[in-house]
Amino acid sequence: KFHDDKSLYTGMHAGGEGMAEKSESRRNLTEGMGRTKLASGEEVTEGVLRKLFGSEVKHVFDEYCSGEATMDGKSFNKVAKDCDLIDSSLKERDVDLAFAKIKERDARRITYMQFLEGLVIFANKKGVSVEEVKLRVLANDGPVLHGTFAEANKFHDDKSLYTGMHAGGEGMAEKSESRRNLTEGMGRTKLASGEEVTEGVLRKLFGSEVKHVFDEYCSGEATMDGKSFNKVAKDCDLIDSSLKERDVDLAFAKIKERDARRITYMQFLEGLVIFANKKGVSVEEVKLRVLANDGPVLHGTFAEANKFH
């Protein structure tokens with residue numbers, strides 16, 4: 001028992017295992033890194049990864065770790081799938097090989113830094129920039145789950161029944177979200193003239209003319225998700241050789257706030273400016289395309305005729 005029961009260890013042996021794990025982790029950052037290189041030939045180190053990613057995709061990593069501090073191979077593969085990174089240039093087998101390369105020899109899970117190294121490997125394999133892969137990951141709405149829906153519950157679903165701080169909490173959060181976006185987010189995008197895109201510029205270009213279109217695609221919500229943003233581009237015939245679906249996803253990742261999964265009306269308008277720049281047309285032309293849209297195009301099946309109905 002004195003050997004097997006580690007709670008009875010004393011002296012340096014009492015913390016030996018924890019110290020070994022920390023030493024192992026530290027050794028990975030100094031020895032493991034550098035096996036992968038950027039397209040430029042520069043070795044991938046912890047410093048390089050922090051410069052490329054910082055903590056921008058940390059929330060995505062955490063979501064796929066399901067409460068754990070590290071990520072397993074199945075979740076790593078799911079990130080690649082959910083972010084639409086899997087294609088003819090990056091196959092599932094390549095993702096598994098990347099996981100095997102970045103993890104420590106006897107480990108079954110990877111750290112955040114190893115996850116970032118994996119994203120660099122994805123970029124190299126696909127022949128695209130690390131920035132593009134990062135934007136794809138940021139555009140992700142979180143793990144795509146398949147399961148059953150809970151039954152309706154009026155005390156949860158009917159927000160008019162909320163009391164106390166919950167009664168106004170969501171509205172306050174939305175106002176705070178909108179306010180923060182207008183001060184931090186704007187200015188990253190420019191018009192073809194070089195003028196920075198601000199709230200004032202967007203109001204001058206669009207006003208509230210396309211607000212009804214935005215609302216229709218929000219399905220009763222105050223904000224729009226990435227799937228609906230992509231659908232606007234499709235339904236308005238904006239997708240072509242100059243603006244691909246991938247470009248729309250990247251635009252969504254650029255205009256939304258770091259940890260957000262939805263965009264406000266102002267961010268939506270900024271997205272339309274990005275579309276115009278990408279297509280090499282005027283903002284007015286994109287606006288007219290959106291205004292000509294008759295609303296979400298739905299695809300489904302029709303029920304058979306029933307004389308009793």
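Please give the length that would be gained between K190 and D294 if that part of the chain were fully extended, namely 0.36 nm times their separation in residues minus their C-alpha to C-alpha distance (nm, one decimal).
Going from the current span to full extension adds 34.6 nm.
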Inset, instruction - For a quick protection proxy, order the peptides 74-84, 112-122 by their average other-Cβ count within 10 Å, most packed first. - result: 112-122, 74-84
Inset, instruction - Would you please name the trypsin sites (Lys or Arg not before Pro) within the range 208-251 that are DSSP coil residues with at most 16 other C-beta atoms within 10 Å of their C-beta? - result: K244
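Compute the signed sum of charges (Lys and Arg +1, Asp and Glu -1) over the other residues within less than 13 Å, Cβ to Cβ, of S75. Could the numbers behind the result be given before it?
Details: positive: K74, K78, K81, K103, R108, R109; negative: D62, E63, E68, D72, D82, D96.
So the surrounding residues net to 0.
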Legend entry - FRET efficiency for V281 and D84, using Cβ-Cβ distance with R0 set to 22 Å, rounded to 0.05: 0.30
Inset, instruction - Give the calculated FRET efficiency between S129 and E42 to the nearest 0.05, with a Förster radius of 22 Å applied to their Cβ-Cβ distance. - result: 0.95
Inset, instruction - Mind giving me the FRET efficiency for H212 and S66? R0 is 35 Å, r the Cβ-Cβ distance, nearest 0.05 is fine. - result: 0.30
Inset, instruction - For the pairs K101/K190; K91/K256; K81/K103; K78/K287, note any where the Cα-Cα span goes beyond 31 Å. - result: K101/K190; K78/K287
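Since every read-out is calculated from the coordinates, none of them should be taken as a lab result. Just so you know, these numbers come straight off a predicted model, no measurement behind them. Neighbour counts run over all protein chains shown; Cβ positions are idealised from the backbone, glycine included.
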